[in-house]
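We did not get these values from a lab; they are worked out from the coordinates using the rules stated. These numbers were taken from a predicted model, which means no experiment stands behind them. FYI the Cβ positions are ideal-geometry reconstructions off the backbone, even for glycines, and counts take in every protein chain you see.
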Amino acid sequence: MPQAIGVSSESWHPTPSRRASRAVAATRVGGIPEVITDGDTGLLVPPRDPDALAGALVRLCRDAALRENLGRRGREVAAARHSLEGMADQVEGLYAEILAEKLKGVVR
């Protein structure tokens, strides 16, 4: 069971667990909510709430389907965001936004 679950706190980043298709229980601190979507790619709990974290871990331990779905979705999202193609798409999108903003001032 421990290989199927990743636990996140302020000093840990969830991406390696997501790439390994592991379900993640994480606290809502720092940039973690930007990486984990509660109920879709992992379970998020309030910071400094050990009861909530324990509850999320128990839920993951008891629900194999939830573990598998969260792990699968986490891997899909991590692959899309952190692959070379995904990062290139993000940079290209950013450049397109910047160019569009610049052209607004020039083309009227």
Let me know the charge dipole size of segment 29-108 about its Cα centre in debye, to the nearest 20, where only the beta-carbon of Lys, Arg (+1) and Asp, Glu (-1) is charged.
40
DSSP-assigned coil residues among trypsin sites (Lys or Arg not before Pro) in segment 24-97, each with at most 11 further Cβ atoms within 10 Å
48
List the residues whose amide H sits under 5 Å from the amide H of residue 28, counting only those 5 or more places along or on another chain, with H placed 1.01 Å from N in the peptide plane.
45
Whole-Hz couplings from phi, Karplus 6.51/-1.76/1.60, listed for segment 82-87; x for Gly and Pro
10, 6, 4, 5, x, 5
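Using the eigenvalues of the Cα gyration tensor, what equivalent ellipsoid semi-axes result for segment 64-108 when each is taken as the square root of five times the eigenvalue, whole Å, largest first?
Working: eigenvalues 269, 24, 3 Å².
The equivalent ellipsoid of segment 64-108 has semi-axes of 37, 11, 4 Å.
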